[in-house]
1. Looking at (1) open to solvent by 60 Å² or more (accessible area, probe 1.4 Å); (2) among the hydroxyl-bearing types (Ser, Thr, Tyr); (3) within 16 Å of ligand 2 (Cβ to nearest atom), which is the one condition that is false for Tyr88?
2. Could you tell me which of the residues Val190, Val209 is open to solvent by less than 20 Å² (accessible area, probe 1.4 Å) and in contact with a Pro (Cβ under 8 Å, 6 or more places away or on another chain)?
3. Which ranges mark the strands (runs of 3 or more DSSP E) fully within the stretch 169-258 that have 3 or more residues being among the hydrophobic types (A, V, I, L, M, F, W, C)?
4. Name the single residue, out of those in the stretch 61-70 being farther than 15 Å from Asn91 by Cβ and not acidic (Asp, Glu), that is surrounded by the most Cβ atoms within 10 Å (Cβ to Cβ).
5. Would you confirm whether any residue within the stretch 76-99 is within 16 Å of ligand 1 (Cβ to nearest atom) and closer than 22 Å to Lys134 by Cβ?
6. Identify, please: which residue in the stretch 223-251 is among the polar types (S, T, N, Q) and touching a residue at least 12 places away in the same chain (Cβ under 8 Å) and is, among those, surrounded by the fewest Cβ atoms within 10 Å (Cβ to Cβ)?
7. Can Leu73 be described as aliphatic (A, V, I, L, M), surrounded by 14 or more Cβ atoms within 10 Å (Cβ to Cβ), touching a strand residue (DSSP E or B) at 6+ places or on another chain (Cβ under 6 Å) and within 17 Å of Glu234 (Cα to Cα)?
8. Mind counting the residues in the stretch 142-176 that are in contact (Cβ under 8 Å) with a residue 40 or more places away in the chain and within 22 Å of the chain's Cα centre (by Cα)?
Amino acid sequence: MPMIKTVDVCKSFHTKMAHHPLQVLKNVSLTVEQAEVVCIIGPSGAGKSTYLRALNRLEPIDSGKIFIEDKLLFDCANGVNTVKISAYEMNISLLEVGMVFQTFNLFPHRTVLENVTLAPVHVRKMNEEAARAKAKELLDRVGLADKIDAWPSQLSGGQQQRVAIARALAMEPKIMLFDEPTSALDPELVGEVLSVMKSLARAGMTMLVVTHEMGFAREAASTVVFMYEGSILESGPPEKIFSAPENPRTRQFLQSVL
Ligand code: ADP
Ligand code: MG
């Protein structure tokens, strides 16, 4: 079953500074099947973050369709969604999607454990005891069992990002979106976060990952997508994209990063 499907998603930004709207997403069509790991690569400004944010309703789209778990949530034209769906149903579907950002944004005045239990208790209405048990299990899974009572400021960037992953997982999403989860990290801390992501992938999580870590994409992705100036120019299995890219832009990009 497709867990994420978009059809012809378009998005422009209108700014006072520019005379013309900036078209950031141009007919982006992509399908992520269950348990698939899709990595989006491409230069800065390609629209990768905007696309992930659109999937999570953080960014409204102008036109196109968005399906989550095969359910049509958005069918937009001129910025108006024509799908008749209750706010409740919409929220239920969006809770299936977890997101991890480049900056971890942990709550600074909450312990690691509290950071992971807050949303399940307040949004999912999980009881505190169950939420704590679940959080401990997840923090153990990301290798931070000994840090549950620490403050975020006492953790390295890599540890904070692993807490952020545990926090997203605590909501029991069926899909995880990652937006350059390692690019704010010191190089020596990148590996620990990627290894948590790889184990998540092995456990069957459906993942859509924007990354500049080509080694990770090569190893973990089922499909690599190259995005450039708002369009998907090429996609395919990693062996194909990294060894025999067809589009000259893809070749150029890979030459610059590899
Ligand atoms: P990427 O993640 O691939 O680097 P983004 O999706 O962040 O690209 O941005 C794509 C383009 O949209 C960039 O040119 C960026 O400057 C522009 N952009 C992003 N967010 C906004 C915004 N809120 N208002 C205006 N322009 C934006
Ligand atoms: Mg980005």
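1. The one condition Tyr88 does not meet is (3).
2. Val209
3. Details: elements: 175-179, 206-210, 223-228, 231-236.
Counting at least 3 such residues, we get 175-179, 206-210, 223-228.
4. Out of the qualifying residues, it is Ile61.
5. yes
6. Per the criteria, the residue is Asn247.
7. Spelling it out, it is not the case that Leu73 is aliphatic (A, V, I, L, M), surrounded by 14 or more Cβ atoms within 10 Å (Cβ to Cβ), touching a strand residue (DSSP E or B) at 6+ places or on another chain (Cβ under 6 Å) and within 17 Å of Glu234 (Cα to Cα).
8. From the stretch 142-176, those in contact (Cβ under 8 Å) with a residue 40 or more places away in the chain are 142-143, 151-153, 155, 157, 160-161, 163-176; that's our starting set.
Pick out the ones that are also within 22 Å of the chain's Cα centre (by Cα) and you get 142-143, 152, 157, 160-161, 163-176.
So the count comes out to 20.
The values are calculated or read from the model by the stated rules, or taken from the named source; none is laboratory data. The structure presented is a predicted model; accordingly, all values stated were derived computationally and were not measured. Methodologically, a virtual Cβ is constructed for each residue, glycine included, from the backbone with ideal geometry; neighbour enumeration extends over all protein chains shown. SASA here: full protein model, heavy atoms, side chains in, ligands and nucleic acids out. Shrake-Rupley method; radii C 1.70, N 1.55, O 1.52, S 1.80 Å.
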